[in-house]
């Protein structure tokens, strides 16, 4: 690709994300909807001005990894552990039910082959953590009980989904279920999640020590991005999706992360703030690329809208996709509205679902309209859930009041640079003023 | 390219740049030397662990564009205009002399064909502004008299070099010199440099106005990067190199930029500071990629070191490359040491020189060792000039004392995040404290 073509393409993605995001907010929608719409409008679905390129895809991948890094950095580990049991129930319920229902309906009702039905069921297990996290962040509810349960469940879903994907991939290639490989992958992912945060913590400790004597400006942005990228690469080699590496790195550097054997590496809250301040513009730059890219990768013109099979099949699958995830959330003991929000939050399928469909298409298992239907279902779950969540929060504001307001959670709230002043630095600024008073 | 391969490649580039940069500083060299060495050591010249890819090339391009944006943002236009006449003399001298000498020696002494000799002469006209600017910044002399003269001359050299490149390209393709096209390109570039800053200023004014009512975080990083990329694309369409678009955008947003008809768009110094604070981590992230990429794009193993023609030809060309640029600097009225520094600052050829050699290779004009020699000369000028400049500044510290210290130039000095505290935000912080007192 020629340099200037790529530069203008990237500029177009950034500008479209910004304009559609701002319009979405004016119309009462979360900005992520605007960014997805930007991709759909500019992409092959509508205007055809832009299409995904390998380069855009890689930048989008960096965007989602950095977003998960920020999510990890902001995560309250105490709460995540507290939400652990509930997350586990929601994750397992929201994984087993859509898979079983999807497989059953596809195989027994619509008569699809076993393997195609399994890939189809697998597609419905994914949860697009990025979209729900963004919606909850926009609503200021990322740290709420339901937010933590969704976050934990989505991470677990991603891990389970990727193990299933590896399994189905083996199955498709070899023609038989390779259980030993599945066990190996499960083991690797578990080991990664036990070792990665400790390693990231140790490395960040070294970076912090080294910072005082560094002779070259820009240590934090370059070293942190390199760290996040290395962990993403490691996650891949352990058989996990890359974005989990970003999440693990962020988690390890968060202010409240606690390592049983890491007392010597006690976190410096000021350093966590510094990392957040320096990384925020970079995260904000890359993240919208991911959401625009999802919109660009959908091609709604590929769908044969006149086929009645398409309509019934897609409606049934949509029902399965929604009911499966909702049912998982109903299994836990929480207030009704919270369970509904958790169920809604699990609905968007996004990127991992698209990875499944790509596998199905590449291996020739999903042909003749099935692929289109899946893209449609993924698009619909991804596009619609944010509306629902927002609408539901407005309707049930009283029941969903956070028990602890977001501002009082012990760390400075995360001001964004979209405000009136120069508040992007207010967090670090406030921190330094506080240090000054000591 | 697979995602995880790219992520690890990028992480490797960032880490190598950091490690070699820090080592360079420990050994008394500017970090840019370390970053170039990182590319040479990891690249095909030595270890062969990494090679340039299209992705890396595009990210490097963004890096150099953003660096020039920062240079423009920090530029003191009063001084640039003041240095204007001198820059013009240095630029023309450092353009005409290397071209004439290079052409003459290649054609009349070594008997190369006319067209190949012209491409060869053209290669020697370029000035790699990025490397010299980085060295001067590292030495804290970017705003010195000599720094401003070099900056202005290098920008003019780039413009003239690109016009020459377009001319030679036309010549190579058509077999005749297309003077009308050359005039058109010269006209476009002039128009671009008259219109671009005004347009960038107007757009940034709109962004500033819009900032108060924006509903989505991250306006400044996304909008600013998009603006810079658009201007780079426009520069290309006007026939100028992309990085000049970044420079024009930065110049327009600098605190002291003055538009004759732009009184209504008076600059808000606080907004310029805010842009600088938000953009700095992004610039620091992308810039090292460019310098590592230059190192990676050199393959010193391609050079046939046993050929005596290679040695004589390369030494003569190196002499021409250095003498031609030095002679240009000797034409102005400045103190001796300053003229030497200016001459040295013009020596590195870097990226524009490489563009010329690529043209020469692609069109088949530069074969049989000539291409290797040019790569060698470019590598040598690019690698060696920073050493000279640094050594010369140490030796002639007294004569080169800045008439105005860098700190007292009316805007806060630019602290980097490599220091002891969290000083990356100190500029903005200081500004806010100051505002608070008003």
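The values are calculated or read from the model by the stated rules, or taken from the named source; none is laboratory data. None of the values given here were measured: they were computed from a predicted structure. Ideal geometry is used to build each Cβ from the backbone, glycine not excepted, and the neighbour counts take in all protein chains shown.
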Quiz item: Could you say whether any residue in segment A:1-9 is without any contact (Cβ under 8 Å) to a residue 12 or more places away in the chain, at the interface with chain B (Cβ under 10 Å from one of its Cβ atoms) and buried (at least 24 other Cβ atoms within 10 Å of the Cβ)?
Solution: yes
Quiz prompt | Neighbours by Cβ (under 7 Å, 6+ apart or cross-chain): first from segment A:139-161, over 16 Å from residue A:247 (Cα atoms); second at pLDDT 80 or above and surrounded by fewer than 24 Cβ atoms within 10 Å (Cβ to Cβ) | solution = A:139/A:390; A:139/A:393; A:145/A:338; A:146/A:338
Self-check item: Checking residue A:291 against (1) modelled with pLDDT under 85; (2) buried (at least 24 other Cβ atoms within 10 Å of the Cβ); (3) more than 24 Å from residue A:144 (Cβ to Cβ); (4) within 14 Å of chain B (Cβ to nearest Cβ), the condition it does not meet
Solution: (3)
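Residue-by-condition table, conditions (1) at pLDDT 85 or above; (2) more than 14 Å from every other protein chain (Cβ to nearest Cβ):
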residue	(1), (2)
B:41	yes, yes
B:49	yes, yes
B:52	no, no
B:56	yes, no
B:65	yes, no
B:72	no, yes
B:77	no, yes
Quiz item: Looking at residue B:393, is it assigned to a helix (DSSP H, G or I) and at pLDDT 80 or above?
Solution: yes
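Taking the condition buried (at least 20 other Cβ atoms within 10 Å of the Cβ), assigned to a helix (DSSP H, G or I) and at pLDDT below 85, does residue B:35 pass?
Numbers: buried (at least 20 other Cβ atoms within 10 Å of the Cβ): yes; assigned to a helix (DSSP H, G or I): yes; at pLDDT below 85: no.
Criteria not met by residue B:35.
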Quiz item: Do you know which residues across segment B:291-332 are outside any helix (DSSP H, G or I) and over 25 Å from the mean Cα position of the chain (by Cα)?
Solution: B:303, B:304, B:305, B:306, B:307
Quiz item: For segment A:10-32, how many residues meet the condition of being surrounded by fewer than 24 Cβ atoms within 10 Å (Cβ to Cβ), at the interface with chain B (Cβ under 9 Å from one of its Cβ atoms) and at pLDDT below 85?
Solution: 3
Quiz prompt | Every residue from segment B:197-252 that is touching a helix residue (DSSP H, G or I) at 6+ places or on another chain (Cβ under 7 Å), within 7 Å of chain A (Cβ to nearest Cβ), on the phi < 0 side of the Ramachandran plot and outside any helix (DSSP H, G or I) | solution = B:214, B:215, B:216, B:217
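For the structure I just gave you, tell me whether residue A:327 is more than 14 Å from every other protein chain (Cβ to nearest Cβ) and at pLDDT 85 or above. Let's see the steps before the verdict.
Working: more than 14 Å from every other protein chain (Cβ to nearest Cβ): yes; at pLDDT 85 or above: yes.
Judged against the criteria, residue A:327 is a match.
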Quiz prompt | Residue check, residue B:258 surrounded by fewer than 17 Cβ atoms within 10 Å (Cβ to Cβ), under 28 Å from residue B:160 (Cβ atoms) and at pLDDT below 85 | solution = yes
